[in-house]
Amino acid sequence: MAKVLTITLNPAIDVTIQLNELQVGEVNRQESVEIHAAGKGLNIAQVLKDLGHEVIVSGFLGTTNKQIFDDHFKEAQFQPEFIYIEGETRQNIKIAEHSGRMTDLNGKGFLVSELDKKNLFQKIEMILPQVDVVAIAGSLPQGFSVDELQQLIKLIQQQGKKVALDTSGKALVAAIECQPWMIKPNTDELFESYQLPAATYAEQKKLFENLAKIEHVVISMGEDGVNWLHDTHPLHAKAPKVIVKSTVGAGDSLLAGMIHGLINGFSDEETLKTATAIASHAVTQIGFRIPNAETLNQLKAQTTINSLSESDANC
C-alpha cells in the first residue's frame, strides 16, 4: 500500500445534531449529538487508513482545543505533523434531519501568521520524500491566500508528487491553474467558481476544455452520480439507492476511493465503482468509515459504470 499525506488547512470540530425535523424559530429536541475531530483532509485520511494505506496528516491546529485531535490521531494511528498555533480550532455545527437534509453552521477558523505559514511549508517539504500522493482538502483559514495555496501546490509538484485537491470558490480556481493531478468538485462548486453551467457532461467538458489541463477531474453530482473526466475513457457512475442519513464526508470518501484505486493500479471501471460505493456508504451513517468487505461488495454490485459521450443529457 502507498503512503499518503493529507493537508487540512482549516480543520474543525464537528458537532452533529440529529433530530426528526428542524423547526426554524422554534425549540427543537435533539435525538443525539456526536462530537469529533474533523476536516476534509482528516476525513480522507480516515478512509485511506481503513483501506490499508499509511497516512500522515498535516495542516494547522489551534492549541486551545487540540486534545480532541490528539486523541483522534492516536486512535486512528495517523502520523500527525501539524503546526499548532495560538487560539481555537473552529467548530462546525451540523443539523441532520431524518429526511437526509443537512444544515451546516460553519465556523470561520483561526488566523494564521506569516511564521505559521513558513513553519508549515518547511514541514511539508521535509515530509514529501516519504509519501507517494498528497491530498489538500477543505477551505482556507484566515490569513492564508489563494496565492499561498498555489505556492504550496507548486512546492509539492516540484518534488515530483501527485496532488489531489478538493476545495471550492477562489481556492478551486487558483488550484486548477496549477494543474493538480486530480480535483473533485461538485456541480454547485463548479458553478460557484466559474458562473457557468456544469450539470451535464457536455457542459463539464466544455468548461474544462477552456481551463488548465488536469489528468483526473472527478465531479460529484449527488443523486445523479459521478462523472470522471480524463482523456482516455471518461466514465459515469450511477450510485446505488441508499437511505441517506448524512452527506458529511461523502465527497471526501469519493476522493479517497479514487486515490486508492489509481495508486493501486485498478482498472478505470473498478476504481470508479469502488470509490462510488465507498461514498454511497458514507451517506448512510454519521461518519465516514469503510464498510466491511461484504457490504462494500454489495454496494459495488449495485453501482453501474457507463462510458460518457456528449449526447448523455442526464450525465
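We did not get these values from a lab; they are worked out from the coordinates using the rules stated. These numbers were taken from a predicted model, which means no experiment stands behind them. Using ideal geometry, Cβ is built from the backbone for each residue, glycine included, and neighbour counts are taken over all protein chains shown.
Quick check for me: using +1 on Lys/Arg Cβ and -1 on Asp/Glu Cβ, what's the dipole size of the chain about its Cα centre, in debye to the nearest 20?
Working: 27 positive and 39 negative charges, 63 e Å.
The calculated dipole for the chain is roughly 300 debye.
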* Asked: Which value at 222 nm does the chain reach when only helices count, each DSSP H run of 4 or more adding -39,500 (n - 2.57), with the total divided by all residues and rounded to the nearest 500 deg cm²/dmol?
  -> -11000 deg cm²/dmol
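Length gain on complete extension for the stretch A212 to K108, per 0.36 nm per residue less the alpha carbon to alpha carbon distance?
34.4 nm
Mean separation of Cα pairs under 8 Å and 6+ residues apart, divided by the residue count of the chain: what relative contact order is that in percent?
16
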* Which value in nm describes the separation of the simple spin-label points at A293 and D70, placed 7 Å from the Cα toward the beta carbon? -> 3.8
* Asked: Can you tell which of E209, E34, E21 shows the greatest fluctuation in a Gaussian network model of the chain with Cα springs below 10 Å?
  -> E209
* Given labels modelled 7 Å from the Cα in the Cβ direction, how far is it in nm from N20 to E177? -> 5.2
* **Overall Cα dimensions of the chain - principal axes, largest extent first, Å** => 53, 52, 39
* Asked: Working out 0.36 nm times the residue gap between E34 and D147, then minus their Cα-Cα distance, what length gain in nm do you get to one decimal?
  -> 37.1 nm
